[in-house]
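Student: Pasting a structure here, questions to come.
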Amino acid sequence: MEQRLANSWRLTANEKKFIESALLSELRVDGRGPLDYRKLNIKFGKDDGSVEVQLGETRVMSYVSAQLVQPYRDRPNEGTLSIFTEFSPMADPSFEPGRPGESAVELGRIIDRGLRESRAIDTESLCILSAKLVWAIRVDIHILDNAGNLVDAANIAALASLLTFRRPECSLGGEDGQQVVVHPPEVREPLPLIIHHLPVAVTFGYFSNENLVVLDPTYHEEAVMTGRMTATLNANGDVCAIQKPGGQEISQRVIMHCLRLAHVKAGDMTAKIKDAVEKHNTERALQKIKRHSSSVAVDVCGTTARLGGKQNQSDGDKEGSRLDQLKLKDETKAMECDATSSAQVQSNKKDESLKNFIGGPSSWDPYSECVNSDLLKASLASRGQSTPSKQKESRRETKPEEPQKEIKIDSAPMDTALTSEQSNEGKTLKDAVKPKHKRKKKGSSNNGN
């Protein structure tokens, strides 16, 4: 990789001398110290397991996918993990399209060795049916922009994508219990991978002077340096893998010093990755779309009603949804019973009011529209006569005894009678009606004679 980069950049002797003299003064071209990392930025995509990492100006994208395959014969209860890298000429003119070159193969092997040999991922949890079906996890790494130290950027992208990946949940069914059913995300929540620790790759660059050691070299420094070493460690200080692809020889003292530095940097990188993943998971949980169920039939007081509601179909919320349905049933029953009881109370009150009705001027009585009920009661009390209710009852009793005759009342006498009642406030309704009956009776007797 270094030879191809050196040939592509073809730095002049003055540029190489300037970079080496700056490093002797513990300065770098971009202003960092010899043991400082560039700014790290992690962006997560919409799909699970899609991550873009930017380390300085180096940009790498990683995507994780899974499929059901047959396991290896020597490991029938373990899934598989594979790393694939793609170098595009868009990232660097020295990269050739088509078949992956030596640099792409080397990058994939470094990341694969750090993840698989350290057993960071629990492959036994990927087994669905022993010796028949297991999950095969595939990590695709795409180089978008090469600005130096592709190993560290690609390793961080692979770890972040594995942490955010979710595989579908499977269950066994059928008559013999050997039929595998893959549940979609709408039915059951996908499951994350079981990751025991995070092996972080830390790359060091060496120069002609053995005392010159830099961390996270840029593409200009990679063209000048004479050796490189990548140490993969976790936050506990366990060495997962070491890769030194030839070049300048280094002493054991320098290697141990680099491993101590790598332990500190691995702890810092692990904390940054976990913080970014936790923040992403929190945002994903807040933006998660709640799934709705169809309408549920609920029996309320012997009648069936269709109630549409929102219900989460996940296994973790099934008990809560059942409790909500029971509460809804109780509330609807109570509301229905209250409604029926209130209707019965209102009907009883209405019946009682009808039974206790005594009588009095009403809207349908033409003689009571212009009669003041208060003055009528006062006049009756002064004369010592009975109330209109009693008079009406007596009239009702005596009415069947008299022969029924047609009574025709003209509008003019009615108006005169009403005006006379308004002038004579002491007269009652009975007094106002009697003269009319007498006149009619007299008229009928004269006609008979």
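Student: Just one of TYR63, TYR72 is out of contact with any His (no Cβ under 7 Å at 6 or more places or on another chain), crowded, with 16+ Cβ neighbours inside 10 Å and aromatic (Phe, Trp, Tyr); which is it?
Tutor: Details: TYR72 fails: crowded, with 16+ Cβ neighbours inside 10 Å.
Exactly one residue qualifies, and that residue is TYR63.
Student: Checking LEU27 against (1) free of Cβ contacts under 8 Å to residues at least 12 places away in the same chain; (2) in a loop (DSSP other than H, G, I, E, B); (3) farther than 18 Å from ALA223 by Cα, only one condition comes out false. Which one?
Tutor: The failed condition is (3).
Student: Need the failing condition index for LYS244 against (1) among the basic types (Lys, Arg); (2) more than 24 Å from VAL277 (Cβ to Cβ); (3) touching an Asp or Glu at 6+ places or on another chain (Cβ under 7 Å), just the number.
Tutor: All conditions are met except number (3).
Student: Could we say that VAL187 is surrounded by fewer than 16 Cβ atoms within 10 Å (Cβ to Cβ) and modelled with pLDDT under 95 here? Steps first, please.
Tutor: Working: surrounded by fewer than 16 Cβ atoms within 10 Å (Cβ to Cβ): yes; modelled with pLDDT under 95: yes.
Yes: the conditions hold for VAL187.
Student: Looking at the range 128-139, is at least one residue buried (at least 19 other Cβ atoms within 10 Å of the Cβ), among the β-branched types (Val, Ile, Thr), at pLDDT 90 or above and in a helix (DSSP H, G or I)?
Tutor: no
Student: When you go through (1) surrounded by fewer than 17 Cβ atoms within 10 Å (Cβ to Cβ); (2) of a type in the set (Lys, Arg); (3) in a strand (DSSP E or B) one by one for LYS279, which number turns out not to apply?
Tutor: (3)
Student: Filtering the range 166-207 down to residues that are β-branched (Val, Ile, Thr) and in a loop (DSSP other than H, G, I, E, B), which residue is nearest to TRP135 (Cα to Cα)?
Tutor: ILE194
Student: Within the range 245-255, can one find any residue that is under 22 Å from ILE111 (Cα atoms) and part of a strand (DSSP E or B)? First the steps, then the outcome.
Tutor: If we filter the range 245-255 for residues that are under 22 Å from ILE111 (Cα atoms), which is where we start, we get 245-247, 255.
Next, from what is left, pick out any that are part of a strand (DSSP E or B): 247.
Yes, some residue in the range 245-255 is under 22 Å from ILE111 (Cα atoms) and part of a strand (DSSP E or B).
Student: If you don't mind, there's one more thing I want to ask. Can you tell me which residue among ALA262, ALA241, ALA231 is under 40 Å from the mean Cα position of the chain (by Cα), under 19 Å from LEU115 (Cα atoms) and assigned by TED's automatic domain parsing to the domain that holds LEU11? Walk me through it before giving the result.
Tutor: Details: ALA241 fails: under 40 Å from the mean Cα position of the chain (by Cα); ALA231 fails: under 40 Å from the mean Cα position of the chain (by Cα).
Step by step, each of ALA262, ALA241, ALA231 is checked, and only ALA262 is under 40 Å from the mean Cα position of the chain (by Cα), under 19 Å from LEU115 (Cα atoms) and assigned by TED's automatic domain parsing to the domain that holds LEU11.
Student: Same structure again: If a residue must be touching a residue at least 24 places away in the same chain (Cβ under 8 Å) and either in a loop (DSSP other than H, G, I, E, B) or among the small types (Gly, Ala, Ser) (or both), how many such residues does the range 230-244 contain? Let's see the steps before the verdict.
Tutor: So in the range 230-244, the residues touching a residue at least 24 places away in the same chain (Cβ under 8 Å) come out as 230-238, 240-241, 243.
From the residues that got through so far, the ones that are either in a loop (DSSP other than H, G, I, E, B) or among the small types (Gly, Ala, Ser) (or both) too are 231, 234-238, 241.
Residues flagged as touching a residue at least 24 places away in the same chain (Cβ under 8 Å) and either in a loop (DSSP other than H, G, I, E, B) or among the small types (Gly, Ala, Ser) (or both) within the range 230-244 amount to 7.
Student: Restricting attention to the range 59-111, report how many residues are assigned to a strand (DSSP E or B) and over 21 Å from ILE42 (Cα atoms). Steps first, answer last, please.
Tutor: So the first thing to find is which residues in the range 59-111 are assigned to a strand (DSSP E or B), and the list is 59-69, 72, 75, 80-87.
Okay, now just the ones that are also over 21 Å from ILE42 (Cα atoms), so 66-69, 72, 75, 80-82.
Selection size over the range 59-111: 9.
The values are calculated or read from the model by the stated rules, or taken from the named source; none is laboratory data. Please read these numbers as outputs of a predicted model, since none were measured by experiment. Note that each Cβ is placed from the backbone with ideal geometry, even for glycine, and that neighbours are counted across all protein chains shown.
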